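Dumping the structure here so I can ask a few things about it.
The values are calculated or read from the model by the stated rules, or taken from the named source; none is laboratory data. Computed from a predicted structure; not experimentally measured. Glycine gets a Cβ as well: all are built from the backbone with ideal geometry, and neighbour counts include every protein chain shown.
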Amino acid sequence: MIELKGLKKNFGRLTVLDDLDLEIPSGQATGIVGPNGSGKTTTIKSILGLVKPTDGEIRIDGELVNNRWEYREKIGYMPQVARYPENMTVEELFRFIKNIRGDQPSNEEELIKHFGLESELKKRMRTLSGGNRQKVGAVLSMMFNPDILIFDEPTAGLDPRSSVQFKKKVRELKDQGKTIMLTTHIMSEIEELADHLIFIVEGKIKYHGPMDELLNEHKEQRLEGAVAKMMEEEAA
Amino acid sequence: MKALTILNYQWKDLIRGKWIFGYALIYLLITDALIRFGGAGPKALLSISNVMLLLIPLVGMIYGALYLYQSREFTELLLAQPLNRKTLFWGLYGGLAVPLSAAFILGTLLPMLYNGMFFGEQIASILLLLGLGLILTLLFTGIGFWLGLAFFEDRIKGLGFALVGWLFLAVLYDGLVLLTIFVLGDYPIEKPMLALTMLNPIDLARITVLLEFDISALMGYTGAVFNRFFGSFYGMITAVTSMLIWLALPLYGATKRFRKMDF
Amino acid sequence: MKGFNHIALAGVFLLIGSVASAQTITVSPNGEVKTIAEGLELVQPNDTLIIRQGTYLEHNLMVDKPVTIIGEGRPVLDGEKKGFILVITADDVTVKGLEVRNTSTSFMEDYAGILIEETRNTVIEDNRLIDNFFGIYLAETDKAVIRNNYLSASGERETSSGNGIHLWYSKDTKIEDNYVRGHRDGLYFEFVDGAHITNNLSEENIRYGIHFMYSDNCSYVENTFRDNGGGVAVMYTSNVEIIGNRFEDNWGSSAYGMLLKEINRSRIENNHFENNSVGLYIEATSRNEVKGNTFRQNGWAIKLMANSTDNMFSENNFIANSFEVSTNSRRNFNEFTGNYWSQYEGYDLDRDGVGDVPHHPVRLFTILVEKQPQSLLLLRSLLIDILDAAEKVMPALTPETLIDIKPQMDQIP
């Protein structure tokens, strides 16, 4: 379980997260949606410690993690725009991260196969296509079998086939009882993958609850319609 | 341990960039040429120290900032890993400062070794020179890091400040000191002038070089303050202590900043 | 009985000695003659006085006969600070193998371990003079030889300390292979003519290693003067030969490897100046030849005051000095040619070993330091290098004619 309590983040005068309270249940998949600049990525980065919150508490499995680092052992993260050391080959990158992790057991071979990266292993990161970089990011996030997985716009650069492969993998992970957080602009993806939905606008939570409740509430068959309605209500 | 893993990778990456070889080669060629054409005397050491006082601060500051910008992806990748930020910082810093120091020391030392100069009577001066170059590299790489982190989102500003900072410390600052001396020369300004030079790390390193190579001239100066300062071990100790404080300052500032930064 | 015999014997010696060969008298702490004073009474001209090993607490010993005094096993003559120790007033006296200690010190009288006054052909050889006010003092002597003596004192102030080897109005003296330390001036020459000073080492004296005034026609060759309070001073003299000496480690605001003041028509050749605050200081000095010297790692290699004229500086090596030449005027009446300057930055396109552009040994910074000594702090600053380079292109403050038009590309062997 990931708990955020009174989370606040200012970048200079700009308030990006405004007193955010959130609980992300374990063993389920939670989708975060919201307009551009609403604070989705900042929320994720706060949980990872990449962004230091101005105020508030972050707890994982009940433990306060602000300014700690060991807890990241439990998290696999796939960033929105994956940037990697350009001079490294894919293989070296995996080996290096394994070194950093103190040679923890990893299942990268299986993942490489799953994403079809075998032919890319000897290539330098700078020569990789955007899609393959995303796949490398996916492998990196999953290879140490973490309990929590955080995906920031994971399928943005992937072709349909790879996208299907990715989603298949996520479902597998869900079945294994992992806690999953993902942001995306593609509503169908959330419908496919998520059990819970969080809707953020201007750093505030507008909706937080199980997906089916939302659909019932708005008398909509599709998430897209429900979310669009929420946004209209917000604008009004 | 993890810091060493990072350092080790960065070091390999630098070597792959070949840039570091060029840097070592500059020292190698200059030192070799100086010894070849000017003999293995104190003149060679003096010229090397002049090159060192010029090049190390410039390269340290500019490349310190530039390297942070270049390592941005690497930094972001590692920040999501179970790593202490402090560990990451020292790994990054060591990844640049250690190769830069090694390039300077090897580039300078090799020609001295194969010319047989190192094991001569000047070994103490040579060791002082190498030690000073080492401290200067660590110090100015630290300042470069500091600037790089202070202007992490604005590379042009960061590099601009590094360049202007170098120009200020290397040339303009001394211009101000000279001006002060000529305007206020009739007053007892020795102590403030000494303090002023202590405030500039390049001057500080320069004074240490003077203490080794120009002590005869320094002792020829009429004035009790200078004589007491330069004429005893006290001068060397003060200079080295100030240098270590200078080494700690930017590194302290940089680590503090790095730990609080958002990525 | 014994005393009577002794006197009778001496009487016989006296009779024979005056007509035939010289005799030997032996002084020994447990012999018949127990004091040197007694021995000196007994000896006759041309006799030899042997002093055996032991300590003799005696002072004001008058040597007024031409005798040879030889110490065996280095006897110690301790004056207990009660006056002079040996006073030589006769010609043809030789003193060898003694250790002379503890003269008086005084503000009025120049007490000396060995005083030599108005004599000819005195030889002082292989002696040790320890903790005396003056060491060996020669006044109005002729053809004295001072050789291979060791002089040491532990003077702390100029006023409470005398000179090591002191010459006043002496002619044709040879001073060779001596060691002097801890005196006021190691060697002191005033109104001396024709002295040859060779292969001495004078160090750690309070004032000068050698102090040399009004002494024409002298030469000093291959001596070493090291770490003396003021270095070496040579003044008011013509026709001196200063050749192959070493001037080292003289540090201080008024310390010079060698100071020349009013020296004319002299030769300063093949000397070595190293680690001095000022290597060679030249004031009111004219028509001298400064040739083949090496100036290494001095603060200022040469300080040349503008009242010096017609001196010729050639074939010298200037290596790694903080400043090469400094002067106090934009005018220059001396010539520099064919020297090696390690600060020379020119080139030699025709490869004839001579730089193609002249060398300016006086930098702008030299002048700045002359005007505001505090600016010495900026030595080796990049700013200073830039200023110096600009001044080289457009001389505004440095003497335009003080240049070496034939700077050598390589050190002169």
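Go through (1) at the interface with another protein chain (Cβ under 10 Å from one of its Cβ atoms); (2) modelled with pLDDT under 90; (3) under 18 Å from the mean Cα position of the chain (by Cα) for residue B:42 and report which single condition fails.
The failed condition is (3).
Follow-up. So which residues in segment A:72-101 are surrounded by fewer than 20 Cβ atoms within 10 Å (Cβ to Cβ), in contact with a Lys or Arg (Cβ under 8 Å, 6 or more places away or on another chain) and more than 8 Å from chain B (Cβ to nearest Cβ), if there are any at all?
A:89, A:91
Then there's this: Which of the residues that make up segment B:234-263 are at pLDDT below 90 and aromatic (Phe, Trp, Tyr)?
The answer is B:234, B:263.
Hey, among the residues in segment B:71-84 that are in a helix (DSSP H, G or I) and crowded, with 19+ Cβ neighbours inside 10 Å, which one's farthest from the other protein chains (Cβ to nearest Cβ)?
B:75
Checking residue B:176 against (1) surrounded by 18 or more Cβ atoms within 10 Å (Cβ to Cβ); (2) within 11 Å of another protein chain (Cβ to nearest Cβ); (3) over 22 Å from residue B:59 (Cβ atoms); (4) not basic (Lys, Arg): exactly one of these is not met. Which one?
Going through (1) surrounded by 18 or more Cβ atoms within 10 Å (Cβ to Cβ); (2) within 11 Å of another protein chain (Cβ to nearest Cβ); (3) over 22 Å from residue B:59 (Cβ atoms); (4) not basic (Lys, Arg) one by one, residue B:176 breaks only (1).
Checking the condition free of Cβ contacts under 8 Å to residues at least 60 places away in the same chain and not small (Gly, Ala, Ser), which residue from A:170, A:164 passes?
A:164
May I ask you to verify whether residue B:35 is away from every other protein chain (no Cβ under 13 Å), closer than 30 Å to residue C:298 by Cβ and either of a type in the set (A, V, I, L, M) or touching a Ser or Thr at 6+ places or on another chain (Cβ under 9 Å) (or both)?
yes
So, one more: Can you tell me which residues in segment C:41-57 are of a type in the set (D, E, K, R) and surrounded by fewer than 19 Cβ atoms within 10 Å (Cβ to Cβ)?
Of everything in segment C:41-57, those that are of a type in the set (D, E, K, R) and surrounded by fewer than 19 Cβ atoms within 10 Å (Cβ to Cβ) turn out to be C:41, C:52.
Quick test of your reading of the structure: residue A:144 fulfils all but one of (1) closer than 23 Å to residue B:81 by Cβ; (2) without any contact (Cβ under 8 Å) to a residue 60 or more places away in the chain; (3) surrounded by 20 or more Cβ atoms within 10 Å (Cβ to Cβ). Name the failing condition by number.
Failing condition for residue A:144: (2).
Counting only residues that are farther than 19 Å from residue C:267 by Cβ and in a loop (DSSP other than H, G, I, E, B), which one in segment C:286-305 is nearest to the other protein chains (Cβ to nearest Cβ)?
Of everything passing the filter in segment C:286-305, C:299 is nearest to the other protein chains (Cβ to nearest Cβ).
Against the condition small (Gly, Ala, Ser) and modelled with pLDDT of 95 or more, how does residue C:279 come out, does it pass?
yes
If residue A:58 meets every condition in (1) away from chain B (no Cβ under 14 Å); (2) crowded, with 17+ Cβ neighbours inside 10 Å; (3) closer than 19 Å to residue A:209 by Cβ apart from one, which number is that one?
Going through (1) away from chain B (no Cβ under 14 Å); (2) crowded, with 17+ Cβ neighbours inside 10 Å; (3) closer than 19 Å to residue A:209 by Cβ one by one, residue A:58 breaks only (3).
Hey, another quick one. Could you say which residue among A:212, A:195, A:152, A:175 is surrounded by fewer than 17 Cβ atoms within 10 Å (Cβ to Cβ), in contact (Cβ under 8 Å) with a residue 40 or more places away in the chain and not aromatic (Phe, Trp, Tyr)?
None of the others qualify; the one that does is A:195.
To keep it simple, each residue is scored yes or no on (1) in contact with a helix residue (DSSP H, G or I) (Cβ under 9 Å, 6 or more places away or on another chain); (2) β-branched (Val, Ile, Thr); (3) assigned by TED's automatic domain parsing to the domain that holds residue C:253.
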| site | (1), (2), (3) |
| --- | --- |
| C:356 | no, no, yes |
| C:368 | yes, no, no |
| C:372 | yes, no, no |
| C:376 | yes, no, no |
| C:383 | yes, no, no |
| C:386 | yes, yes, no |
| C:390 | yes, no, no |
| C:405 | no, yes, yes |
| C:411 | no, no, yes |
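Criterion first (within 14 Å of chain B (Cβ to nearest Cβ), at pLDDT 85 or above and over 16 Å from the mean Cα position of the chain (by Cα)) does residue A:122 satisfy it?
It is false that residue A:122 is within 14 Å of chain B (Cβ to nearest Cβ), at pLDDT 85 or above and over 16 Å from the mean Cα position of the chain (by Cα).
Let me ask another. For the list (1) outside any strand (DSSP E or B); (2) surrounded by 17 or more Cβ atoms within 10 Å (Cβ to Cβ), I need the number of the one condition that residue C:217 fails.
(2)
So if I check each of B:237, B:189, B:207, B:181, which one is within 10 Å of chain C (Cβ to nearest Cβ) and surrounded by fewer than 21 Cβ atoms within 10 Å (Cβ to Cβ)?
B:189
Looking at (1) in contact (Cβ under 8 Å) with a residue 60 or more places away in the chain; (2) within 29 Å of residue B:81 (Cβ to Cβ); (3) among the hydrophobic types (A, V, I, L, M, F, W, C), which is the only condition residue A:201 fails?
(2)
If I ask for residues that are aromatic (Phe, Trp, Tyr), more than 7 Å from chain C (Cβ to nearest Cβ) and more than 20 Å from the chain's Cα centre (by Cα), which ones from segment B:210-230 would you list?
Across segment B:210-230, the qualifying residues are B:226, B:229, B:230.
Does segment B:233-252 contain at least one residue that is more than 25 Å from residue B:140 (Cα to Cα) and touching a residue at least 12 places away in the same chain (Cβ under 8 Å)?
Scanning segment B:233-252, I find no residue that is more than 25 Å from residue B:140 (Cα to Cα) and touching a residue at least 12 places away in the same chain (Cβ under 8 Å), so the answer is no.
Can you find a residue in segment B:53-61 that is surrounded by fewer than 21 Cβ atoms within 10 Å (Cβ to Cβ), part of a loop (DSSP other than H, G, I, E, B) and either over 21 Å from the mean Cα position of the chain (by Cα) or within 14 Å of another protein chain (Cβ to nearest Cβ) (or both)?
No: zero hits.
Between a first residue in segment C:372-384 that is more than 7 Å from every other protein chain (Cβ to nearest Cβ) and at negative phi and a second residue that is hydroxyl-bearing (Ser, Thr, Tyr) and crowded, with 18+ Cβ neighbours inside 10 Å, which pairs have beta carbons less than 9 Å apart while being 6 or more apart in sequence or on different chains?
Pairs that qualify, where the first residue is more than 7 Å from every other protein chain (Cβ to nearest Cβ) and at negative phi and the partner is hydroxyl-bearing (Ser, Thr, Tyr) and crowded, with 18+ Cβ neighbours inside 10 Å, are C:384/C:375.
On the basis of being on the phi < 0 side of the Ramachandran plot, in a strand (DSSP E or B) and either touching a residue at least 24 places away in the same chain (Cβ under 8 Å) or not assigned by TED's automatic domain parsing to the domain that holds residue C:412 (or both), does residue C:333 make the cut?
Judged against the criteria, residue C:333 is not a match.
Another one. Output the number of residues of segment A:80-103 satisfying the condition of being free of Cβ contacts under 8 Å to residues at least 40 places away in the same chain and β-branched (Val, Ile, Thr).
Number of matching residues: 3.
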